[in-house]
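Read the structure below first, then the notes.
The values are calculated or read from the model by the stated rules, or taken from the named source; none is laboratory data. Just so it is clear, the model here is predicted, and its values are computed rather than measured. Note that each Cβ is placed from the backbone with ideal geometry, even for glycine, and that neighbours are counted across all protein chains shown.
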Amino acid sequence: MKRLILMRHAKSDWSSAGTSDHDRVLNERGRQNAVSLGHWLAQRSLIPDAALCSTATRARQTLDLLDLPPYTSVTFHRNLYLASAETLLTALRAAKGDTILIVAHNPGIGVLASAILTPAAGSSDLCHYPTGATMVATFNISTWETVALGLGQMTEFIVPRELPQYE
C-alpha cells in the first residue's frame with residue numbers, strides 16, 4: 001500500500017513588483033496556512049518518507065513551514081515548477097518510500113489529483129485546487145513505478161480555511 005500527499009503551495013505575495021514568478025514568496029496568510037497544514041499532517045500521522053518539491057520560493061517555503069521530521073528525504077526539482085500532470089506523475093513514479101509528498105503548482109497539481117483517483121471518487125472538482133489545498137490518496141500497489149491514473153482512493157482533502165490557525 002502506498003500513500004500520496006498532493007499539496008499546492010500556500011498563498012503567495014503578489015505585492016512585490018519586479019519579483020519573478022519563480023521567486024515570489026508566501027504572504028502572511030500563506031505562512032500561517034503552511035504551519036496549520038503541518039499540524040494537520042502531524043495530527044493524522046501523515047508523515048512522508050520523501051518529499052518532492054518545486055524549486056519555486058513559495059513551494060520551498062511551504063515545505064519548510066510544514067516542519068517535517070529530519071528523516072524525511074527532500075528533493076527539489078526544477079521541472080516541478082509549473083509542471084504538467086504528466087511531469088508530476090513521472091516524478092512520482094521515480095519516488096522511493098511508502099508515503100510521498102509532492103508540493104507543486106496549479107494547474108498541474110489539480111489535474112493530477114483529478115486524474116489519479118478512481119472515477120467513482122468524485123474527483124472532477126479537484127482541478128480547481130486552491131492554494132494550500134492538500135489531498136491524500138492511497139494506492140494498492142507495491143512500488144511507485146506502477147502507479148497509474150485512475151488507481152487512487154482519496155482518503156482526505158483539506159483546504160487551509162478549514163483548519164485552525166497556528167503561529
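Name the residue, out of A113, A91, A137, that is modelled with pLDDT of 95 or more, assigned to a helix (DSSP H, G or I) and of a type in the set (G, A, S).
A91
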When A94 is run through (1) among the hydrophobic types (A, V, I, L, M, F, W, C); (2) surrounded by fewer than 19 Cβ atoms within 10 Å (Cβ to Cβ); (3) in contact with a Ser or Thr (Cβ under 9 Å, 6 or more places away or on another chain), the failure sits at (3)
Could you identify the single residue in A34, A56 that is more than 19 Å from F157 (Cα to Cα) and surrounded by 22 or more Cβ atoms within 10 Å (Cβ to Cβ)?
A56
Counting only residues that are basic (K, R), touching a Lys or Arg at 6+ places or on another chain (Cβ under 8 Å) and surrounded by 23 or more Cβ atoms within 10 Å (Cβ to Cβ), region 1-28 contains a total of 0
Pairs only if they're at least six apart or on different chains, beta carbon under 9 angstrom, first in region 71-87 and under 18 Å from I116 (Cα atoms), second assigned to a helix (DSSP H, G or I) and among the aromatic types (F, W, Y); list them, first residue then second.
none
Looking at this structure, is V74 touching a strand residue (DSSP E or B) at 6+ places or on another chain (Cβ under 7 Å) and surrounded by fewer than 17 Cβ atoms within 10 Å (Cβ to Cβ)?
yes
The listed residue being modelled with pLDDT under 95 and either among the charged types (D, E, K, R) or out of contact with any Asp or Glu (no Cβ under 8 Å at 6 or more places or on another chain) (or both), out of S84, S12, S36, S54:
S12
On the given criteria, is D67 acidic (D, E), touching a helix residue (DSSP H, G or I) at 6+ places or on another chain (Cβ under 6 Å) and either more than 22 Å from W14 (Cα to Cα) or modelled with pLDDT under 95 (or both)?
yes
If Q165 passes every condition in (1) closer than 18 Å to L26 by Cα; (2) buried (at least 19 other Cβ atoms within 10 Å of the Cβ); (3) touching a residue at least 40 places away in the same chain (Cβ under 8 Å) but one, which one does it miss?
(2)
Verdict on V103 being modelled with pLDDT of 95 or more, of a type outside the set (S, T, Y) and either within 26 Å of S142 (Cβ to Cβ) or assigned to a helix (DSSP H, G or I) (or both)
yes
